[in-house]
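Data first, discussion second: the structure below is written as structure tokens.
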Amino acid sequence: MELIIQGIIKAFELLISFDPEVMSITWLSLKISGTATFISLFFGVSIGTAVALTNFPGKRLVISIINTGMGLPPVVVGLFVTILIWRNGPLGFLEILYTPYAMIVAQAIIATPIVMGISLASIQNLPPNLRLQILSLGASRMQMVWVLIKESKLPLLAAVMAGFGGVISEVGASIMVGGNIKGYSRVLTTATVMETGKGNFDIAIALGIILLILAFLVNLLLTHVQQRQHLR
Amino acid sequence: MTPILTIQNLIVQRGGVIVLDVRELNVEESRILALIGPNGAGKSTLLLTLAGLLKPSRGILRYKGRTIETNADRADMRRSVSVVFQEPLLLNTSVEKNVALGFKFRHLNNVEIKRNVDEALNYFGITALAKRSAKTLSGGEAKRVSLARAFALKPQVILLDEAFNSLDPPTRETLMDDLRHILEETKITAVMALHDREETLRLAQDAAVMVDGKIVQSGTTAGIFNRPDSEFVASFVGTETILEGTVKSGSAEMMEIAVAGETIQATGAFPVGQSVYCCIRPENITVSTDMPEKTSARNVFEAKISKITRQAFFYKMFLDCGFPLVAYITVSSCEDLGLCEGSVVAVSFKATAIHVMRRE
Amino acid sequence: MHRFKSTKWLITLTVVAALVVLGAANVFAAPKQKNIILATTTSTQDSGLLDKLIPLFEKQTGYFVKTISVGSGAAMKMGEKGEADVLLVHSPDAEKKLVDEGYGVNRRLVMHNDFIIVGPAADPAKIKGVKSSAEALKMIANANALFISRGDNSGTHAKEKTLWAKTGITPAKQKWYQETGAGMGHTLNVAAEKKGYTLTDRGTYLAIRKNLAALEILNEGDAALLNIYHVIEVNPVKWPKVNVAGSKAFADFMVSNNTQAIIKTFGVDKYGSPLFFPDAGKKVEDLGK
């Protein structure tokens, strides 16, 4: 108990003093996970929508694969990304192992199926005749797809939340492909693991609290937008 | 006058099954065509095809004489043919933004959009709803918004799928009147899938009866209701009495038909010995307590009331005069005459009120 | 399409995301060609020594060091596969094998500290005061007292296995023997929680002692407990992608007089005694004398 209180006090000390190391770790976490979420939003929404709106043989199989991907274990992603981008691996020439880029790639791979699965479900959940109605009002195919995506914006916001929440709190892949390099690829989760390993529970708790606050703030922001949409 | 939309030998398949097989259909300009028939008859499929939203497996669709073949043709046609579905299908935004949707697709500027939207809202009497969220509308209001959205675009043809379904009766009544006025005023050609005979009679000038993906009879509404081609159409359009009979004798325009030992006089010219159906619409039968002394009706029978059922605004009487007969009588007349089950009455109907058709 | 406006939030989201991407690209773009991958043990990282030395090295040379701290075994595996440029490890037997097989070159002694056996103050196996570390382990085994092992092929784990071999006891699968498979810090935490014995390097123990109230040093000073760190350059002949110059620069840095002086005093201010003893230029045989 004493440890927790000590940790919380330390966390506030670090926060209030704008400890440069903690701030840079936090900022880096936000940048990496934010970028990864944005990338996953692009691929997830476009592919999810395309799958939802087209009929092709094997569609059910594809949907099952996407749904399975929503629960992709981060360490497995980390492992495969590492193997691929090893210096002597097939994508070694990119020289991105142990860089924030590699972390973005891994996190985007983790988040994309989540966003894709939710987009797919939300587009499929729209009334089946809505597509025809929009086309009948003179929309081109692109305009129709755009209206459908806009119409699913609430579930898509949920997708962003789920994706971002998944990757910012993810540690397995980040430590494998990022390497937890100080001031370069050390993010909140990997730093928390390291500080716990060093027995610095107070700093670990502080980092954990920052992570919680961060996740809470992002969700608060998105929920606020979502609620405003509801009221309008 | 050339029809604005025509269909020839059109076949639509779904999952290998033929769901629509229309030999011919002409939609005349500035008229209202009703598609009627039981559920699953293919009315909605036919509407989607006419709207250019569904690619037929085979056959020809012409819009203003131009054959619609490619996806581009269909997309082009969709700019002047609008559909209003059974469910309102409004987007989760304000009413005016919903009505503006079609104009956004056409890249109109905001001033023009506003003018058109206001006009359409005014037309359907929903100006007050402009700023409301579509989610908060009642069923009738949502329906009006969805109609306004389609009419705002001033389409050449408007296609309505079960427009009045799931609306409560008063809402339905006023909407039906408003819609008829708007169609009359704008001269927009309309095709409506309807399942109610009364709606058909009130709104449509033309009708096509569908069953199992086929059009079994088409023509003017009056023609179909009064002169059905088949027993199916007859019963579907509400001819309550359909009697089997044989032509006994005939002159130039008048026939005597033997029905269950009685003789009915009807107009028409079928050869003697021909098996026929005699169709008598209930509203064409007069019921009285005494034998009418002077009547122009050729057919007068004594009948026993076997059953009376209450309808919305009238009674429906099942009569037995050797053959079964169904007649309507107003609630007040029924009470004035003191009729009840078992009463004996006189029924009369004109020879011209009987529609005779060939029985195979 | 162009005039087909999206709602405000979408625009905001896009702009924010775009800024994030641009910002990220800017920051991440900094180090590129001058990267060195240093594979090292958890003990050098957890003790804080590298946090002190590496910024110094980067400032002096302009290289950017990516420190990947894993167990010695994994670190050498990375060297063997050419995934690292330079190794700082403490598993002498395995190191020799690596160099003999031609994966590592120019192996140089950097520093040492020593291993110690720590355990609960109650000392159920009564090992306190026993001189030989092997003997102490034997007593732990005979008393069926809980022993926590790294179990991760690290240098510490290798040392522990060597010591067990001397006792003739096979601890694996014994009830009183548990493996964490984690770094030194984690393993010490586990030992403290479970009141078990464990073998640790002195540096890590001292560095995190404040959180380990339950653990005391119970066996130390045996020559067999020396913990010796070498720096090894990965052989560029085997792996052409290795950063030869960077690897050599880092190895040279580690044995330079300046660095050795820092190692000598590192930790004195915080723990009262140094965590490592600089040994550059010495011979392994002379250590601990």
Only listed residue being within 14 Å of chain A (Cβ to nearest Cβ) and of a type in the set (D, E, K, R), chosen from B:Lys64, B:Lys97, B:Lys114: B:Lys97
Which of the residues belonging to region B:266-294 are in contact with a strand residue (DSSP E or B) (Cβ under 6 Å, 6 or more places away or on another chain) and aliphatic (A, V, I, L, M)? B:Ala266, B:Val272, B:Val276, B:Ile280, B:Ile285, B:Val287, B:Met291
Within region B:72-81, can you find the residues that are closer than 26 Å to B:Gly16 by Cβ and buried (at least 16 other Cβ atoms within 10 Å of the Cβ)? B:Arg74
Residue under evaluation B:Asn26, criteria (1) away from chain A (no Cβ under 14 Å); (2) out of contact with any Pro (no Cβ under 7 Å at 6 or more places or on another chain), criterion not met: (2)
Among C:Gly281, C:Gly246, the single one that is assigned to a loop (DSSP other than H, G, I, E, B), under 27 Å from C:Lys97 (Cα atoms), touching a residue at least 40 places away in the same chain (Cβ under 8 Å) and small (Gly, Ala, Ser) is C:Gly281
Report, ordered by the first and then the second residue, all pairs with beta carbons closer than 7 Å, sequence separation of six or more or different chains, a first member in region B:327-345 that is of a type in the set (A, V, I, L, M), and a second member that is part of a helix (DSSP H, G or I). B:Ala327/B:Pro282
I'm trying to understand the selection: among the residues of region A:40-77, which are surrounded by fewer than 14 Cβ atoms within 10 Å (Cβ to Cβ), small (Gly, Ala, Ser) and in a helix (DSSP H, G or I)? A:Ser64
Given region B:230-306, what strands (runs of 3 or more DSSP E) lie entirely inside it while holding 1 or more residues that are of a type in the set (Ser, Thr, Tyr)? B:241-250, B:262-267, B:275-280, B:286-288
Take the residues in region C:179-211 that are in contact with a Ser or Thr (Cβ under 7 Å, 6 or more places away or on another chain) and more than 13 Å from every other protein chain (Cβ to nearest Cβ); name whichever of them is modelled with the lowest pLDDT. C:Asp201
Would you be able to say whether some residue in region A:148-155 is over 29 Å from A:Ile213 (Cβ atoms) and either touching a residue at least 60 places away in the same chain (Cβ under 8 Å) or more than 13 Å from chain B (Cβ to nearest Cβ) (or both)? yes
So, in region A:85-108, how many residues would count as being under 23 Å from A:Leu41 (Cα atoms) and without any contact (Cβ under 8 Å) to a residue 60 or more places away in the chain? 2
Residue list for region B:41-73, filter: more than 24 Å from the chain's Cα centre (by Cα) and under 24 Å from A:Ile123 (Cα atoms): B:Lys55, B:Asn71
Got at least one residue in region C:103-126 being under 30 Å from C:Ala245 (Cβ atoms) and in a loop (DSSP other than H, G, I, E, B)? yes
If we ask which residues in region A:161-178 are surrounded by fewer than 24 Cβ atoms within 10 Å (Cβ to Cβ) and not hydrophobic (A, V, I, L, M, F, W, C), their number turns out to be 4
Show me the strands (runs of 3 or more DSSP E) entirely contained within region C:193-237 in which 3 or more residues are in contact (Cβ under 8 Å) with a residue 40 or more places away in the chain and either among the β-branched types (Val, Ile, Thr) or over 17 Å from C:His157 (Cα atoms) (or both). C:215-219, C:226-234
Would you mind telling me which numbered condition in (1) of a type outside the set (D, E, K, R); (2) at the interface with chain A (Cβ under 10 Å from one of its Cβ atoms); (3) touching a helix residue (DSSP H, G or I) at 6+ places or on another chain (Cβ under 8 Å) B:Pro155 fails? (3)
Here the residues within region C:39-53 that are crowded, with 24+ Cβ neighbours inside 10 Å and either over 14 Å from C:Gly183 (Cβ atoms) or within 11 Å of chain A (Cβ to nearest Cβ) (or both) are C:Ala39, C:Thr42, C:Ser43, C:Gln45, C:Asp46, C:Ser47
Quick check: anything in region A:5-20 farther than 21 Å from A:Thr192 by Cβ, in contact (Cβ under 8 Å) with a residue 24 or more places away in the chain and surrounded by 13 or more Cβ atoms within 10 Å (Cβ to Cβ)? no
Check B:Leu53 against each of (1) at pLDDT below 95; (2) surrounded by 18 or more Cβ atoms within 10 Å (Cβ to Cβ); (3) more than 10 Å from every other protein chain (Cβ to nearest Cβ) and name the one condition it does not meet. (3)
Which of the residues spanning region B:308-326 are surrounded by 13 or more Cβ atoms within 10 Å (Cβ to Cβ) and either free of Cβ contacts under 8 Å to residues at least 12 places away in the same chain or in contact with a Lys or Arg (Cβ under 9 Å, 6 or more places away or on another chain) (or both)? B:Ile308, B:Lys316, B:Met317, B:Phe318, B:Leu319, B:Asp320, B:Cys321, B:Val326
Set C:Ala251, C:Ala261: member being at pLDDT 90 or above, of a type in the set (A, V, I, L, M, F, W, C), surrounded by fewer than 15 Cβ atoms within 10 Å (Cβ to Cβ) and part of a helix (DSSP H, G or I): C:Ala261
Working only within region B:82-118, note down all residues that are acidic (Asp, Glu) and surrounded by fewer than 16 Cβ atoms within 10 Å (Cβ to Cβ). B:Glu112, B:Asp118
Selection count, region C:57-109, where residues are within 14 Å of chain A (Cβ to nearest Cβ) and not aliphatic (A, V, I, L, M): 17
Looking only at region B:167-190, which residues are surrounded by fewer than 16 Cβ atoms within 10 Å (Cβ to Cβ), farther than 22 Å from A:Leu137 by Cβ and either in contact with a Leu (Cβ under 6 Å, 6 or more places away or on another chain) or polar (S, T, N, Q) (or both)? B:Thr174, B:Arg180
Could you check how many residues of region B:56-71 are surrounded by fewer than 22 Cβ atoms within 10 Å (Cβ to Cβ), in contact (Cβ under 8 Å) with a residue 40 or more places away in the chain and either more than 25 Å from B:Arg180 (Cβ to Cβ) or among the β-branched types (Val, Ile, Thr) (or both)? 7
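The values are calculated or read from the model by the stated rules, or taken from the named source; none is laboratory data. Everything quoted here is computed from the prediction, not taken from an experiment. No Cβ is skipped: glycine too gets one built from the backbone with ideal geometry, and neighbour counts run over all protein chains shown.
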